[in-house]
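Let me begin by handing over the structure; questions about it come next.
The values are calculated or read from the model by the stated rules, or taken from the named source; none is laboratory data. Computed from a prediction, not measured in an experiment: that's the story for all the values here. For neighbour counting, all protein chains shown are included, and Cβ atoms are generated from backbone atoms with ideal geometry for every residue, glycine included. Protein only, heavy atoms only, side chains kept; ligands, DNA and RNA dropped before computing areas. Shrake-Rupley method; radii C 1.70, N 1.55, O 1.52, S 1.80 Å.
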Amino acid sequence: MARRRQLYEGKAKVLFEGPEPGTLVQYFKDDASAGDGAKKGVITGKGVLNNRISEFLMMKLADIGIPTHFIRRLNMREQLIREVEIIPLEVVVRNVAAGSLSQRLGIAEGTRLPRSIIEYFYKNDTLHDPMVSEEHITCFGWATPQDMDDIVALTLRINDFLSGLFLGVGILLVDFKLEFGRLYEEDEMRIVLADEISPDNCRLWDVKTNEKMDKDRFRRDLGKVEEAYQEVAKRLGILPEAGVRDLKGPEMMQ
Ligand code: 5GP
């Protein structure tokens, strides 16, 4: 296999130059981090499962007309994506109080919110991703008011659709984080969904037992982390062909 140019390495993913201009290869690692990098570990098989889960969800979203960066899955740990200009925001949607919302405002975890809330965080490791408002975002030019209109409209549709999809397999979509990018095609610019959607960036609770089926199991040392990711994939009907035995997958080529 030809050596590829690595463009970026994050905590859970690596981006390589793609086979054609305007494309990238997104590689999913098993590495996990939490608490602003304070806690580090490996969740065996996570990369394989997140590659699958994100593929599945992005394709379902494309089916209902949500533009995404996803093109196709290449192998167990890699997917081909469109190169976009990432908007430096973490867009968090909340349906149920949990995590930083509960801590910040003293709202008990598990409280159903009367309506969904969208929050924005400025993606900046040095500043520890501070929460920002639309005023900051447009004032500092991270996104235009038109970009924000598109982001809010897409985010609300994504939340409605994914909440229903997960509920159908007995999972409550508590909250999740999205990232968006600008895709330039000829003379046009479109806002598209980027990054990934997986148990790494969603809170997913079993509807009946409220059991956590996401990265909070790692963040909070709850155990059975691998099993939780597998259960999400299983309920969505997308465990890898060879089953759980296959989860280690091939080693990363560089
Ligand atoms: P919170 O603000 O409560 O910590 O997180 C809200 C939601 O966004 C959770 O589902 C969490 O997984 C996701 N999220 C927030 N920030 C990050 C981040 O930096 N990385 C990842 N993977 N997910 C995040």
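Could you please state how large a percent of the accessible area of the chain is carbon and sulfur, counting protein chains only and using a 1.4 Å probe?
Carbon and sulfur: 52 percent of the exposed surface of the chain.
Compute the signed sum of charges (Lys and Arg +1, Asp and Glu -1) over the other residues within less than 12 Å, Cβ to Cβ, of Gly10.
-3
Quick one: if the Förster radius is 30 Å, what FRET efficiency do Asn210 and Arg104 give, using the C-beta to C-beta distance and rounding to 0.05?
After rounding to 0.05, the efficiency reads 0.90.
What ³J(HN,Hα) values, in whole Hz, does the Karplus curve 6.51 cos²θ - 1.76 cosθ + 1.60 give for region 103-114 when θ = phi - 60°, with x put for Gly and Pro?
Values, residue by residue: 5, 5, 10, x, 8, 4, 4, x, 5, 5, 7, x Hz.
Can you tell me the dipole magnitude for the chain around its Cα centre, using point charges on the Cβ only (Lys, Arg +1; Asp, Glu -1), in Debye to the nearest 20?
Dipole size: approximately 1040 debye.
Region 160-234: percent of C-alpha pairs farther apart than 21 Å?
Counting pairs separated by more than 21 Å, the tail of P(r) holds 35 percent.
Right, next: Could you tell me the center-to-center distance, by alpha carbons, between region 4-41 and region 70-110 in angstrom?
15
What is the local net charge at Leu24, summed over the other residues whose Cβ is closer than 11 Å to its Cβ (Lys, Arg +1; Asp, Glu -1)?
So the environment of Leu24 carries a net charge of 0.
Kirkwood Rh over Cα pairs of the chain into Stokes-Einstein at 10 °C, 1.306 mPa s: D in µm²/s?
84
By how many nm would the segment from His136 to Ala38 grow when fully extended, if each residue of separation counts as 0.36 nm and the alpha-carbon distance is taken off?
32.5 nm
How large are Rg and Dmax for region 105-254 when calculated on the C-alpha trace, in angstrom?
For region 105-254, the Cα radius of gyration and maximum Cα-Cα distance read 18.0, 51 Å.
Can you give me the span-like helices of the chain, meaning DSSP H runs with 20 Å or more of Cα extent along the axis and Kyte-Doolittle mean at or above -1.0?
Taking the DSSP H segments of the chain (at least 20 Å long, mean hydropathy at least -1.0), we get 46-63, 145-167.
Strictly greater than 17 Å: what percent of every Cα pair in region 66-181 meets that?
Of all Cα-Cα pairs in region 66-181, 63 percent lie more than 17 Å apart.
Here's something else I'd like to know. Heavy-atom accessible area per residue, the chain, 1.4 Å probe: how many Å²?
49
With point charges of +1 on the Cβ of Lys and Arg and -1 on the Cβ of Asp and Glu, referenced to the Cα centre of region 38-155, which listed residue (Phe121, Ser100, Met76) lies farthest in the positive direction of the dipole?
Working it through, the farthest residue towards the positive pole turns out to be Met76.
On to the next question. Count the net charge of all other residues whose Cβ sits under 11 Å from the Cβ of Val96, scoring Lys and Arg as +1 and Asp and Glu as -1.
Cβ neighbours under 11 Å give a net charge of +1.
Another question, if that's okay. Could you quote the convex hull projected area for region 87-155, Cα atoms only and averaged over all directions, in nm²?
5.0
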